[in-house]
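Scroll down for the structure; my scribbles are underneath it.
Only the coordinates and a few stated rules stand behind these numbers; no lab work does. Since the structure is predicted, the reported quantities are computational estimates derived from the model, not experimental observations. Here the Cβ positions follow ideal geometry from the backbone for every residue, glycine too, while neighbour counts run over all protein chains shown.
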Amino acid sequence: MPKREPQKARECWMRIDIISAVPQLLGSVLGASILQRAQDAGAVEIAVHNLHDYGVGQYRQIDDEPFGGGAGMILKCEPIFTCIEKLQAERSYDDIIFLTPDGERFSQSIANELSLKRNIILLAGHYKGIDQRVRDMLVTREISIGDYVLTGGELPALVLVDAIVRLLPGAMSDAESALSDSFQSELLDAPHYTRPAEFRGVAVPEELQSGNHKRIQAWREQQALEKTRLRRPDLLQG
Ligand code: ADE
């Protein structure tokens, strides 16, 4: 038998590094379904870094009391600088993003924009806050996933990863394609149905069962428009 050439590692479309003090929160989401498949397919490489590995002193301290007093602990500069500078020594980053409720509001257009980047770092805050010098000296962009406060930036980081990765070439099959999503156009998505054609007396709209492609398309467009008018009229203005 001829010897098989070792497979060359496929060049990834994008690399995402996530820095967190609670990396256990990330594993199950990154290791399942489309996110895992996208990594297996080489569409994205995702690396998680535990901030505790970069802690200061004998006890690997990552946080400290706030100058000026007040409740809660603040993430220290040194562990974050050490971790990010180590990453920057290996590759250059297009963006270092801090997840915070006072950042710019995440949207589909930001996901689209980030999906075109080569390397990004997502920094998840925890505890009461983070030393402002990290934000001033390292962070290039601050993003919030909505007007509510979570216990940390891990869930927001996962929201960004999910929204970005599904846009990468090779991450999803045609059937899962992102093209007809709500928000990818200005319209919300039309309703979907599957078998049976009638369930507890409620039938699937006749148009969808007609087999007439033009009629189906027209019905979907009309439904999408109607839903958008009712639920998100703001999307239709401007
Ligand atoms: N950290 C805590 N709450 C957050 C939010 N809403 N968005 C981003 N990061 C956060």
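Residue-wise HN-Hα couplings along region 130-147, as the Karplus relation 6.51 cos²θ - 1.76 cosθ + 1.60 with θ = phi - 60° gives them from phi, are 9, 4, 4, 5, 5, 5, 6, 9, 10, 6, 9, 7, 10, 10, 10, 9, x, 7 Hz; Gly and Pro carry x.
Note that the chain, at 20 °C in a medium of 1.002 mPa s, gets a Stokes-Einstein diffusion coefficient of 103 µm²/s from its Kirkwood radius over C-alpha pairs. Amide hydrogen proximity for HIS49: with H placed 1.01 Å from N in the peptide plane, the residues at 5 or more positions away or on another chain lying under 5 Å are ILE18, ILE19, SER20.
Once the Cα atoms are used to define both axes, helix 154-165 deviates from the longest principal axis of the chain by about 50 degrees. The residues packed around LEU187, meaning those with a beta-carbon under 14 Å from its beta-carbon, carry a net charge of -1 if Lys and Arg are +1 and Asp and Glu are -1. Among residues other than GLY55 with Cβ under 12 Å from its Cβ, the summed charge is -2 (Lys and Arg +1, Asp and Glu -1). Scalar couplings 3J(HN,Hα) for region 111-121, obtained by applying the Karplus form with A = 6.51, B = -1.76, C = 1.60 to θ = phi - 60°, are 4, 4, 4, 5, 5, 8, 7, 8, 10, 9, 10 Hz; x denotes Gly and Pro.
Hand me the tally of lysine pairs in the chain: alpha carbons under 22 angstrom apart, and the pair either on different chains or 8 or more positions apart.
Step by step, the pairs that qualify in the chain add up to 4.
Against the chain, whose longest principal axis is taken from its Cα atoms, helix 213-231 shows a tilt of about 50°. Backbone amide hydrogens, once placed in the peptide plane, bring ARG141 within less than 5 Å of ILE96, PHE98, excluding anything fewer than 5 places away on its chain.
Among DSSP beta bridges whose residues both lie in the chain, state the antiparallel percentage, nearest 5.
Of the beta bridges lying entirely in the chain, close to 15 percent run antiparallel.
Charge tally for GLY31 (other residues, Cβ to Cβ under 15 Å; Lys, Arg +1; Asp, Glu -1): -3.
Using a simple spin-label model with pseudo-atoms 7 Å out from Cα toward Cβ, SER107 and ALA197 lie 4.3 nm apart.
Computed over region 97-207, relative contact order equals 31 percent, with contacts defined as Cα pairs under 8 Å that lie 6+ residues apart.
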